[in-house]
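**Q** Can you read through this structure? Questions will come right after.
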Amino acid sequence: MIYKKYASPKNFYPLAGRLIPWLGVLTVLLLAVGLYWGLFVAPTDYQQGESYRIIFLHVPSAWMSMFVYVIMAAAGALGLTWKTKLAEVLASACAPIGASFTLVTLVTGSIWGKPMWGTWWVWDARLTSELILLFLYIGFMALEASIEEPRRAARAAAVLALVGVVNIPIIHFSVEWWNTLHQPASVSKLGAPSIHPSMLVPLLMMFIGFKLYFATVVLMRMRYAILEREKHTRWVAEVVGTKAQ
Amino acid sequence: MSWSEFISMGGYGGYVWSAYGFAIFVLVINVIIPMRRRGVVLKALRQFIVSQTVQEK
């Protein structure tokens, strides 16, 4: 079975090594075209002027902040149930990247909020639940770092990640459930997006670019994490040995 | 559109460019950290494996 084959750290390590450069090149291409399109080609917004261009970072990174969390929790669950080592490593590698996307979401949102709402921050449902997401990521990393034995650390952190999943639908629906300053979604899975194609295309390019970026950096982190985890094995000795010469 | 118009972003330049600057900074940091960490891990593992083989002898 192909899953079994590549879920073994020994096979995953070289596979990830081959994938990373390709993913990296694709990431740079998509982000370059997305940024160019978003900054130069997309027209000015009739309500928000040029300030709306922050959307091309803010919205894709907000999507990513939730997407990465779901991956992290799912990997955590897989690690808990089947004790898959690779899943534990994946969950652990997701946390700092997800936290970064969450931070970018909060900071770019705050910078966008100042000229549009007249304030950097409000304690409304959308902003607060996204801030809680950042704390969940930080909590995951802190808990993991506080336990010496890697398997126990991964299990404890996975439980935290799973409990925190409840926050994801809260973030998503917060603009519908509560009155908030935050504008409603411009793009939804159901129904036509309320955003013009000339703005939607760069937005989606940035989103795919961010996904590829995530795939690249998560594999980079997983690669050395696996070496550390498997340091008692013969294959790691061989990999490290050949690198030494 | 002139270059200075592009930089000023209709008066929102400070907001737009600080948002882009921050995001790019965070994205680049997240590439640099695993690259540097990889070097540190490989070095530590090399020492670990050498110490193991010395013990075996």
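The values are calculated or read from the model by the stated rules, or taken from the named source; none is laboratory data. It should be emphasised that the depicted structure is a prediction, and the values quoted were computed from it without experimental measurement. FYI the Cβ positions are ideal-geometry reconstructions off the backbone, even for glycines, and counts take in every protein chain you see.
**Q** Here is a list: A:TYR69, A:TYR36, A:TYR6, A:TYR13. Which entry is part of a helix (DSSP H, G or I) and modelled with pLDDT under 90?
**A** Every option except A:TYR6 fails the conditions.
**Q** Which ones in the stretch A:157-179 are of a type in the set (A, V, I, L, M) and part of a loop (DSSP other than H, G, I, E, B)?
**A** A:VAL165, A:VAL166
**Q** A:ARG126 versus (1) buried (at least 21 other Cβ atoms within 10 Å of the Cβ); (2) free of Cβ contacts under 8 Å to residues at least 60 places away in the same chain; (3) within 14 Å of chain B (Cβ to nearest Cβ): which is the lone unmet condition?
**A** Exception for A:ARG126: condition (3).
**Q** (1) out of contact with any Gly (no Cβ under 8 Å at 6 or more places or on another chain); (2) crowded, with 18+ Cβ neighbours inside 10 Å: which one isn't true of A:VAL201, the others all being true?
**A** (2)
**Q** Out of the stretch A:197-237, which residues are facing chain B (nearest Cβ under 9 Å), not in a helix (DSSP H, G or I) and not charged (D, E, K, R)?
**A** A:HIS232
Condition check ((1) over 17 Å from A:ALA185 (Cβ atoms); (2) at pLDDT below 95) across all residues:
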site	(1), (2)
A:ASP45	no, yes
A:GLU50	yes, yes
A:ALA75	yes, no
A:SER92	yes, no
A:SER100	yes, no
A:TRP123	yes, yes
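**Q** Just one of (1) under 17 Å from A:LEU212 (Cα atoms); (2) away from chain B (no Cβ under 14 Å); (3) crowded, with 17+ Cβ neighbours inside 10 Å trips up A:TRP22, so point out which.
**A** Result: A:TRP22 fails condition (3) only.
**Q** When you go through A:VAL236, A:VAL240, A:VAL175 one by one, which is the residue that is farther than 30 Å from B:VAL28 by Cα and at pLDDT below 95?
**A** Sole residue among the options that is farther than 30 Å from B:VAL28 by Cα and at pLDDT below 95: A:VAL175.
**Q** Continuing with this model, one more query. Report yes if A:ARG152 is within 14 Å of another protein chain (Cβ to nearest Cβ), free of Cβ contacts under 8 Å to residues at least 40 places away in the same chain and either farther than 30 Å from A:ASN11 by Cα or surrounded by fewer than 16 Cβ atoms within 10 Å (Cβ to Cβ) (or both), otherwise no.
**A** no
**Q** Does A:LEU133 satisfy the condition of being part of a helix (DSSP H, G or I), modelled with pLDDT of 90 or more and either under 20 Å from B:ALA19 (Cβ atoms) or in contact with an Asp or Glu (Cβ under 6 Å, 6 or more places away or on another chain) (or both)?
**A** Spelling it out, A:LEU133 is indeed part of a helix (DSSP H, G or I), modelled with pLDDT of 90 or more and either under 20 Å from B:ALA19 (Cβ atoms) or in contact with an Asp or Glu (Cβ under 6 Å, 6 or more places away or on another chain) (or both).
**Q** Give A:THR81, A:THR108 a once-over and let me know the one that is under 17 Å from A:PHE207 (Cα atoms) and hydroxyl-bearing (Ser, Thr, Tyr).
**A** Of the residues listed, the single one that is under 17 Å from A:PHE207 (Cα atoms) and hydroxyl-bearing (Ser, Thr, Tyr) is A:THR108.
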